[in-house]
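Below: the structure, in C-alpha coordinates.
The values are calculated or read from the model by the stated rules, or taken from the named source; none is laboratory data. Please read all numbers here as calculations on a predicted model, not as lab measurements. Here the Cβ positions follow ideal geometry from the backbone for every residue, glycine too, while neighbour counts run over all protein chains shown.
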Amino acid sequence: MGDPDAMKTVVVTGASRGIGHQTVIRFAREGWRVISCSRDDIPLDRKAEDSPHLHIPTDLARQASIGAFVDEANAFIGDGPVHALVNNAGVSPKTSFKERLGTLNGGLDHWREVFELNVFAPLALARGFAAPLHRGRGAVVNVTSIAGHRVHPFAGSAYACSKAALSALTREMACEFAHLNVRVNAVAPGEIETAMLSPEYDDLVPRIPLGRMGTPDEVAGAIFYLCGGDSAYVSGTEIMMTGGQHLV
(Lines give C-alpha, C1' and ligand atoms only; values in the text may rest on other atoms or scores of the structure.)
Protein backbone atom coordinates (compact mmCIF):
# COMPACT_ATOMS: atom_id res chain seq x y z
CA MET A 1 0.00 0.00 0.00
CA GLY A 2 2.96 2.34 0.54
CA ASP A 3 3.85 4.86 3.22
CA PRO A 4 1.02 7.46 3.45
CA ASP A 5 3.49 10.09 4.63
CA ALA A 6 5.52 9.67 1.44
CA MET A 7 2.51 9.73 -0.91
CA LYS A 8 1.19 12.72 -2.80
CA THR A 9 -2.37 13.67 -1.85
CA VAL A 10 -5.23 14.64 -4.15
CA VAL A 11 -8.77 15.76 -3.29
CA VAL A 12 -11.40 14.70 -5.85
CA THR A 13 -15.08 15.70 -5.81
CA GLY A 14 -17.94 13.87 -7.53
CA ALA A 15 -15.97 10.65 -7.17
CA SER A 16 -18.71 8.02 -7.28
CA ARG A 17 -19.11 7.69 -11.07
CA GLY A 18 -18.02 8.81 -14.52
CA ILE A 19 -15.05 11.15 -14.83
CA GLY A 20 -14.67 11.51 -11.08
CA HIS A 21 -14.53 7.77 -10.48
CA GLN A 22 -11.97 7.26 -13.25
CA THR A 23 -9.93 10.15 -11.85
CA VAL A 24 -9.83 8.44 -8.45
CA ILE A 25 -8.72 5.20 -10.11
CA ARG A 26 -5.98 6.95 -12.12
CA PHE A 27 -4.48 8.75 -9.13
CA ALA A 28 -4.65 5.65 -6.93
CA ARG A 29 -2.89 3.59 -9.59
CA GLU A 30 -0.18 6.24 -9.79
CA GLY A 31 0.43 5.87 -6.06
CA TRP A 32 -1.36 8.98 -4.80
CA ARG A 33 -3.43 9.10 -1.63
CA VAL A 34 -6.99 10.09 -2.55
CA ILE A 35 -9.41 12.10 -0.44
CA SER A 36 -12.74 11.99 -2.24
CA CYS A 37 -16.34 12.99 -1.80
CA SER A 38 -19.73 12.40 -3.37
CA ARG A 39 -23.30 12.23 -2.15
CA ASP A 40 -22.93 8.45 -1.82
CA ASP A 41 -20.99 6.54 0.81
CA ILE A 42 -17.59 5.03 0.08
CA PRO A 43 -17.72 2.60 -2.87
CA LEU A 44 -17.38 -1.04 -1.89
CA ASP A 45 -14.34 -1.53 -4.11
CA ARG A 46 -12.45 1.14 -2.17
CA LYS A 47 -13.05 -0.23 1.32
CA ALA A 48 -9.90 -1.59 2.94
CA GLU A 49 -8.83 -1.64 6.57
CA ASP A 50 -5.31 -0.38 5.82
CA SER A 51 -6.27 1.96 2.98
CA PRO A 52 -4.52 5.37 2.98
CA HIS A 53 -7.52 6.80 1.12
CA LEU A 54 -10.49 8.63 2.61
CA HIS A 55 -14.00 9.01 1.19
CA ILE A 56 -16.45 11.42 2.85
CA PRO A 57 -20.13 11.51 1.84
CA THR A 58 -20.84 15.18 1.06
CA ASP A 59 -23.59 17.29 -0.48
CA LEU A 60 -21.66 20.04 -2.24
CA ALA A 61 -24.89 21.95 -2.88
CA ARG A 62 -25.00 22.77 0.85
CA GLN A 63 -22.46 25.13 2.40
CA ALA A 64 -22.65 23.36 5.75
CA SER A 65 -21.79 20.04 4.12
CA ILE A 66 -18.86 21.62 2.27
CA GLY A 67 -17.58 23.05 5.54
CA ALA A 68 -17.84 19.65 7.24
CA PHE A 69 -15.97 17.99 4.34
CA VAL A 70 -13.17 20.56 4.43
CA ASP A 71 -12.85 20.23 8.21
CA GLU A 72 -12.74 16.42 8.17
CA ALA A 73 -10.34 16.29 5.23
CA ASN A 74 -7.99 18.86 6.77
CA ALA A 75 -8.05 16.96 10.07
CA PHE A 76 -7.04 13.83 8.11
CA ILE A 77 -4.27 15.78 6.34
CA GLY A 78 -3.03 17.46 9.52
CA ASP A 79 -0.01 19.64 8.84
CA GLY A 80 0.77 17.78 5.64
CA PRO A 81 0.45 19.03 2.07
CA VAL A 82 -2.21 18.62 -0.58
CA HIS A 83 -0.73 18.32 -4.06
CA ALA A 84 -3.92 18.58 -6.12
CA LEU A 85 -7.59 19.51 -5.89
CA VAL A 86 -9.91 18.28 -8.66
CA ASN A 87 -13.25 20.09 -8.73
CA ASN A 88 -15.19 17.57 -10.79
CA ALA A 89 -18.67 17.53 -9.22
CA GLY A 90 -21.39 19.26 -11.22
CA VAL A 91 -25.08 19.21 -12.04
CA SER A 92 -27.05 19.74 -15.25
CA PRO A 93 -30.76 19.67 -14.38
CA LYS A 94 -33.57 19.10 -16.87
CA THR A 95 -37.31 19.62 -16.63
CA SER A 96 -39.61 16.72 -15.73
CA PHE A 97 -39.97 16.17 -19.49
CA LYS A 98 -36.17 16.02 -19.86
CA GLU A 99 -36.34 19.37 -21.61
CA ARG A 100 -33.35 21.68 -21.77
CA LEU A 101 -33.65 24.33 -19.04
CA GLY A 102 -33.33 27.60 -20.93
CA THR A 103 -33.66 31.28 -20.14
CA LEU A 104 -37.44 31.28 -20.63
CA ASN A 105 -38.43 28.16 -18.69
CA GLY A 106 -37.74 26.87 -15.20
CA GLY A 107 -37.47 28.86 -12.00
CA LEU A 108 -34.56 31.03 -10.96
CA ASP A 109 -34.13 28.71 -7.98
CA HIS A 110 -32.87 26.12 -10.46
CA TRP A 111 -30.23 28.59 -11.62
CA ARG A 112 -29.16 29.26 -8.04
CA GLU A 113 -28.89 25.53 -7.32
CA VAL A 114 -26.76 24.97 -10.42
CA PHE A 115 -24.42 27.86 -9.61
CA GLU A 116 -24.18 26.71 -5.98
CA LEU A 117 -22.71 23.37 -7.03
CA ASN A 118 -20.93 24.27 -10.27
CA VAL A 119 -19.32 27.57 -9.24
CA PHE A 120 -19.50 28.32 -5.53
CA ALA A 121 -18.52 24.83 -4.37
CA PRO A 122 -15.23 24.87 -6.35
CA LEU A 123 -14.50 28.34 -4.98
CA ALA A 124 -15.25 27.28 -1.39
CA LEU A 125 -13.11 24.15 -1.73
CA ALA A 126 -10.18 26.04 -3.23
CA ARG A 127 -10.34 28.42 -0.28
CA GLY A 128 -10.73 25.57 2.19
CA PHE A 129 -7.65 23.72 0.91
CA ALA A 130 -5.55 26.80 0.07
CA ALA A 131 -3.15 26.31 2.99
CA PRO A 132 -2.31 22.62 2.36
CA LEU A 133 -2.16 23.31 -1.39
CA HIS A 134 0.38 26.03 -0.65
CA ARG A 135 2.39 23.57 1.46
CA GLY A 136 2.36 21.09 -1.43
CA ARG A 137 3.02 23.67 -4.16
CA GLY A 138 -0.01 21.98 -5.64
CA ALA A 139 -2.46 22.32 -8.50
CA VAL A 140 -6.20 22.89 -8.86
CA VAL A 141 -8.08 21.44 -11.83
CA ASN A 142 -11.65 22.55 -12.49
CA VAL A 143 -13.84 20.44 -14.76
CA THR A 144 -15.69 22.87 -17.03
CA SER A 145 -17.53 21.96 -20.25
CA ILE A 146 -17.78 22.60 -23.97
CA ALA A 147 -21.20 24.05 -23.07
CA GLY A 148 -19.43 26.97 -21.41
CA HIS A 149 -18.01 28.00 -24.80
CA ARG A 150 -20.82 27.36 -27.29
CA VAL A 151 -24.57 26.71 -27.29
CA HIS A 152 -25.16 23.01 -26.70
CA PRO A 153 -28.39 21.33 -27.85
CA PHE A 154 -28.91 19.40 -24.61
CA ALA A 155 -27.13 21.34 -21.86
CA GLY A 156 -29.36 23.95 -20.23
CA SER A 157 -28.63 27.66 -20.08
CA ALA A 158 -28.03 27.61 -16.34
CA TYR A 159 -25.49 24.81 -16.73
CA ALA A 160 -23.79 26.51 -19.68
CA CYS A 161 -23.56 29.85 -17.87
CA SER A 162 -22.26 28.19 -14.71
CA LYS A 163 -19.52 26.41 -16.66
CA ALA A 164 -18.59 29.64 -18.42
CA ALA A 165 -18.34 31.23 -14.97
CA LEU A 166 -16.13 28.35 -13.81
CA SER A 167 -13.84 28.96 -16.79
CA ALA A 168 -13.55 32.61 -15.75
CA LEU A 169 -13.02 31.57 -12.14
CA THR A 170 -10.17 29.32 -13.30
CA ARG A 171 -8.41 32.28 -14.91
CA GLU A 172 -8.89 34.50 -11.85
CA MET A 173 -7.74 31.80 -9.46
CA ALA A 174 -4.67 31.10 -11.60
CA CYS A 175 -3.52 34.68 -11.04
CA GLU A 176 -4.38 34.87 -7.35
CA PHE A 177 -3.25 31.38 -6.33
CA ALA A 178 0.08 31.90 -8.08
CA HIS A 179 1.10 33.89 -5.00
CA LEU A 180 0.70 30.63 -3.07
CA ASN A 181 2.78 28.71 -5.64
CA VAL A 182 -0.40 26.87 -6.67
CA ARG A 183 -1.28 26.36 -10.34
CA VAL A 184 -4.92 26.45 -11.51
CA ASN A 185 -6.16 24.96 -14.79
CA ALA A 186 -9.29 23.38 -16.26
CA VAL A 187 -10.40 20.61 -18.58
CA ALA A 188 -13.51 21.17 -20.72
CA PRO A 189 -15.05 17.84 -21.75
CA GLY A 190 -17.32 17.53 -24.76
CA GLU A 191 -19.30 14.33 -25.34
CA ILE A 192 -17.95 11.75 -22.90
CA GLU A 193 -19.30 8.20 -22.61
CA THR A 194 -20.82 8.01 -19.12
CA ALA A 195 -23.97 6.50 -17.62
CA MET A 196 -25.52 9.99 -17.56
CA LEU A 197 -25.67 10.25 -21.38
CA SER A 198 -29.05 9.69 -23.03
CA PRO A 199 -29.43 8.07 -26.50
CA GLU A 200 -29.93 11.39 -28.30
CA TYR A 201 -26.28 12.22 -27.64
CA ASP A 202 -25.40 9.66 -30.33
CA ASP A 203 -26.69 12.20 -32.88
CA LEU A 204 -23.78 14.49 -31.95
CA VAL A 205 -21.07 12.01 -32.95
CA PRO A 206 -21.07 13.03 -36.67
CA ARG A 207 -20.26 16.57 -35.51
CA ILE A 208 -17.09 15.42 -33.74
CA PRO A 209 -14.01 15.52 -36.02
CA LEU A 210 -12.48 12.45 -34.35
CA GLY A 211 -15.73 10.59 -35.04
CA ARG A 212 -16.34 9.24 -31.56
CA MET A 213 -17.14 10.21 -28.00
CA GLY A 214 -14.40 10.50 -25.42
CA THR A 215 -13.98 8.23 -22.43
CA PRO A 216 -13.79 9.12 -18.73
CA ASP A 217 -10.28 7.68 -18.44
CA GLU A 218 -9.09 9.99 -21.25
CA VAL A 219 -10.35 12.99 -19.28
CA ALA A 220 -8.79 11.56 -16.13
CA GLY A 221 -5.47 11.36 -17.98
CA ALA A 222 -5.59 15.07 -18.84
CA ILE A 223 -6.49 15.89 -15.25
CA PHE A 224 -3.56 13.82 -14.01
CA TYR A 225 -1.21 15.60 -16.42
CA LEU A 226 -2.30 19.02 -15.10
CA CYS A 227 -1.57 17.89 -11.55
CA GLY A 228 1.90 16.52 -12.24
CA GLY A 229 5.40 17.78 -12.80
CA ASP A 230 5.16 17.69 -16.61
CA SER A 231 2.80 20.68 -16.40
CA ALA A 232 4.85 22.62 -13.85
CA TYR A 233 4.77 25.79 -15.98
CA VAL A 234 1.13 25.47 -17.05
CA SER A 235 -1.41 27.68 -15.28
CA GLY A 236 -4.57 29.48 -16.36
CA THR A 237 -5.09 27.00 -19.21
CA GLU A 238 -8.28 25.17 -20.23
CA ILE A 239 -7.78 21.94 -22.17
CA MET A 240 -10.64 21.23 -24.59
CA MET A 241 -11.40 17.49 -24.31
CA THR A 242 -13.83 17.47 -27.24
CA GLY A 243 -12.31 15.45 -30.07
CA GLY A 244 -12.26 18.72 -32.02
CA GLN A 245 -16.00 19.36 -31.55
CA HIS A 246 -15.37 22.91 -30.31
CA LEU A 247 -13.78 23.76 -33.68
CA VAL A 248 -16.83 23.11 -35.86
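Restrict the check to segment 107-116 and report whether at least one residue is assigned to a loop (DSSP other than H, G, I, E, B) and either modelled with pLDDT under 90 or closer than 17 Å to Pro189 by Cα (or both). Please lay out each step first, then the result.
First, pick out the residues of segment 107-116 that are assigned to a loop (DSSP other than H, G, I, E, B): 107.
Filter once more, so that each one left must be either modelled with pLDDT under 90 or closer than 17 Å to Pro189 by Cα (or both): 107.
Yes.
Can you pull out every residue in segment 69-92 that is surrounded by 14 or more Cβ atoms within 10 Å (Cβ to Cβ) and not hydrophobic (A, V, I, L, M, F, W, C)?
Hits for segment 69-92 are Glu72, Asn74, Gly80, Pro81, His83, Asn87, Asn88, Gly90, Ser92.
Please determine whether any residue of segment 216-238 is surrounded by 12 or more Cβ atoms within 10 Å (Cβ to Cβ), touching a residue at least 40 places away in the same chain (Cβ under 8 Å) and more than 21 Å from Val11 (Cα to Cα).
no
If I filter segment 214-225 for residues that are of a type in the set (Val, Ile, Thr) and closer than 26 Å to Glu116 by Cα, do I get at least one hit?
Yes, segment 214-225 contains a residue that is of a type in the set (Val, Ile, Thr) and closer than 26 Å to Glu116 by Cα.
Working only within segment 1-59, note down all residues that are assigned to a loop (DSSP other than H, G, I, E, B), within 24 Å of Glu116 (Cα to Cα) and either at pLDDT 95 or above or small (Gly, Ala, Ser) (or both).
Gly14, Ala15, Ser16, Thr58, Asp59
Answer with yes or no whether His179 is touching a His at 6+ places or on another chain (Cβ under 8 Å) and more than 27 Å from Gly31 (Cβ to Cβ).
So His179 does not fit the description; no.
Could you grab the pairs with beta carbons closer than 9 Å, sequence gap of 6+ or different chains, first residue in segment 159-183 and in contact (Cβ under 8 Å) with a residue 40 or more places away in the chain, second one assigned to a helix (DSSP H, G or I) and polar (S, T, N, Q)?
Close Cβ pairs (under 9 Å, with a partner that is assigned to a helix (DSSP H, G or I) and polar (S, T, N, Q)) amount to Tyr159/Asn118; Ser162/Asn118; Lys163/Asn118; Ala165/Asn118; Leu166/Asn118; Arg183/Ser231.
From the list Thr194, Thr170, exactly one residue is crowded, with 16+ Cβ neighbours inside 10 Å, among the polar types (S, T, N, Q) and closer than 27 Å to Arg127 by Cα. Which is it?
Working: Thr194 fails: closer than 27 Å to Arg127 by Cα.
Checking each option against the conditions leaves just Thr170.
Does at least one position in segment 181-195 carry a residue that is among the polar types (S, T, N, Q), part of a helix (DSSP H, G or I) and modelled with pLDDT of 90 or more?
Looking through segment 181-195, none of the residues is among the polar types (S, T, N, Q), part of a helix (DSSP H, G or I) and modelled with pLDDT of 90 or more.
Out of (1) of a type outside the set (Gly, Ala, Ser); (2) surrounded by fewer than 18 Cβ atoms within 10 Å (Cβ to Cβ); (3) at pLDDT 95 or above, the odd one out for Ile66 is which?
(2)
Considering each residue of segment 196-238, count those that are of a type in the set (Asp, Glu), assigned to a helix (DSSP H, G or I) and either modelled with pLDDT under 90 or touching a strand residue (DSSP E or B) at 6+ places or on another chain (Cβ under 6 Å) (or both), and give that number. Show your work before the answer.
Our first condition is that a residue be of a type in the set (Asp, Glu); within segment 196-238, this holds for 200, 202-203, 217-218, 230, 238.
Those left that are additionally assigned to a helix (DSSP H, G or I): 200, 202-203, 217-218, 230.
From what is left, the residues that are either modelled with pLDDT under 90 or touching a strand residue (DSSP E or B) at 6+ places or on another chain (Cβ under 6 Å) (or both) are 200, 202-203.
The number of residues fulfilling the criteria is 3.
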